[in-house]
Amino acid sequence: MMYTHNTPSSAQPATAKRHLAKYLMLAVGSVTLSAVPLPAAAASWWNANPTISIGSRTINVKDMGARGNGTHNDTAAIQAAVNALPSTGGTVFVPAGRYMVDALKSINLRSNTRLRLDPSAELVVIPNSAGRYHLVKVHNRKNVEIVGGKMIGDRAKHKGTSGEWGYGINISGSDHVLVRNVTLSNFWGDGMWIGALGRNSRLDRSSYVTINNVTSSNNRRQGLSIGPARNVYIVNSTFKDTKGTLPEAGIDLEPMDQGPTDTIRIENNVFSGNNGNGVELHKHVSYVTFKGNTFTGNRGFGLMSIGAHHLTIRDNHATRNGLAGVRMSGQTHHADIITNKLQYNSTRYISPTRLGGGTSRDIQIGDKTYSITQSNNTLTPKR
């Protein structure tokens, strides 16, 4: 049994999807994924606190008319602060308070810009009936930082019943983006999306995106979705309690047929209490490293791959997940599963305190996979 994503990622507008499809016909169709080379920047490209080039000017949103009183629509004032920065960019500061935002209009960030929230500041979605919205958008930008505070969706007060694409932060077609010390919760869709923009038969993937010390919880569809992107580093973060509409994963790497996702590092994170899998990977995903993560109490698998390739799964801990701790399925290939602690999983079938149950309780390898290496993993003791 496995969870599959029965809805292609729909984070992009219909016109962008047509561009992506056209791109795939021209480019991806002529190159098989098995021919993906080892990325040139494979060694130590990641940095939990990268240098982001931000302009020197700072504008306080209250100076532009924002009230932060939990009732006033502060969208225009916050956007005015962003727009008032010079062409060289700068910092938009959001003091403590509760700022209501029309997510159908979004806060649209610019290049060389930092959105800095006081630790007691909240950006809150004004309830709407739309199937798609974005609280903060980073589209076709370079050098952007989002730091501090809380971003809260409208899932408890959402006025509609359709759609599943209400995002907290949407990063598309952008380079050198850092999101740190941010709490995301209660979105109609995903806490965050990282993906691509399609323009004139060209696929612009996001690259060099770092997510550090972010908590994404109680979102309806995913904690984080990653579409076509490269050089993405997820570190020291928590993705938990996703529930509401499939796939309900902590992180879902889901480029599907839109384009490739590669050179991803997921390190020292916690995936817990998600109604689907802790993490799942789909086709067109390659060169992903998982190191030092904890997968616990997810109803599905701790970590599941459906056709991804060139994976390194090392020094992780998976325990008390409803299905196996690690599952390699479909045509997943070239995966190294090394020195992980995978114990007391498959709790939907076996008591979490019961010893034994066979190797498949903790790790499962599908019949169509190949070049899967396992070594020095610690599994549930046999009876």
query: Looking only at the stretch 275-293, which residues are assigned to a loop (DSSP other than H, G, I, E, B) and over 14 Å from the mean Cα position of the chain (by Cα)?
result: ASN275, GLY276, LYS283, HIS284, GLY292, ASN293
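Only one of these is of a type in the set (Gly, Ala, Ser), buried (at least 23 other Cβ atoms within 10 Å of the Cβ) and in a strand (DSSP E or B): SER371, SER305. Name it.
Numbers: SER371 fails: buried (at least 23 other Cβ atoms within 10 Å of the Cβ).
Just one listed residue meets the conditions, SER305.
Take the stretch 198-219 and flag every residue that is within 19 Å of ASN49 (Cβ to Cβ) and assigned to a loop (DSSP other than H, G, I, E, B). Quick ask: steps written out before the conclusion?
Residues of the stretch 198-219 within 19 Å of ASN49 (Cβ to Cβ): 206-215.
Within the stretch 198-219, ASN213, VAL214 qualify.
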statement: Considering residues that are surrounded by 23 or more Cβ atoms within 10 Å (Cβ to Cβ) and either more than 19 Å from the chain's Cα centre (by Cα) or closer than 18 Å to THR210 by Cβ (or both), the number found within the stretch 150-166 is 1
query: Among the residues of the stretch 327-364, how many are assigned to a loop (DSSP other than H, G, I, E, B), free of Cβ contacts under 8 Å to residues at least 40 places away in the same chain and at positive phi?
result: 6
statement: Given the conditions (1) hydrophobic (A, V, I, L, M, F, W, C); (2) closer than 18 Å to VAL136 by Cβ; (3) at pLDDT below 95, every one holds for ILE194 apart from (3)
task: Determine which single condition LEU184 fails, assuming it passes every other condition in (1) over 24 Å from LEU123 (Cα atoms); (2) part of a strand (DSSP E or B); (3) not charged (D, E, K, R).
output: (1)
- prompt: In the stretch 232-258, which residue that is under 15 Å from ASN316 (Cβ atoms) and not in a strand (DSSP E or B) is nearest to the chain's Cα centre (by Cα)?
  reply: SER237
field: ILE126 being surrounded by fewer than 23 Cβ atoms within 10 Å (Cβ to Cβ), modelled with pLDDT of 95 or more and in contact with a strand residue (DSSP E or B) (Cβ under 7 Å, 6 or more places away or on another chain)
entry: yes
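Hey, among LEU104, LEU135, which residue is over 19 Å from the mean Cα position of the chain (by Cα) and either free of Cβ contacts under 8 Å to residues at least 60 places away in the same chain or within 18 Å of SER217 (Cα to Cα) (or both)?
Working: LEU135 fails: over 19 Å from the mean Cα position of the chain (by Cα).
When all the criteria are applied, what remains is LEU104.
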message: Please determine whether any residue of the stretch 209-222 is modelled with pLDDT of 95 or more, out of contact with any Leu (no Cβ under 8 Å at 6 or more places or on another chain), closer than 26 Å to THR113 by Cβ and surrounded by fewer than 24 Cβ atoms within 10 Å (Cβ to Cβ).
response: yes
- request: Output yes when any residue across the stretch 330-350 is at pLDDT below 95, surrounded by fewer than 23 Cβ atoms within 10 Å (Cβ to Cβ) and touching a strand residue (DSSP E or B) at 6+ places or on another chain (Cβ under 9 Å), and no when none is.
  value: no
message: Against the definition (touching a helix residue (DSSP H, G or I) at 6+ places or on another chain (Cβ under 8 Å) and either at pLDDT below 95 or buried (at least 21 other Cβ atoms within 10 Å of the Cβ) (or both)), how does LEU184 come out, yes or no?
response: no
task: Kindly provide the set of residues from the stretch 259-274 that are touching a Gly at 6+ places or on another chain (Cβ under 6 Å) and assigned to a loop (DSSP other than H, G, I, E, B), ordered by number.
output: ASN268, GLY273, ASN274
- prompt: Got at least one residue in the stretch 89-100 being surrounded by fewer than 18 Cβ atoms within 10 Å (Cβ to Cβ) and out of contact with any Asp or Glu (no Cβ under 7 Å at 6 or more places or on another chain)?
  reply: no
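The values are calculated or read from the model by the stated rules, or taken from the named source; none is laboratory data. These numbers come from a predicted model, not from an experiment. So basically every Cβ, Gly included, is an ideal-geometry build from the backbone, and we count neighbours across all protein chains shown.
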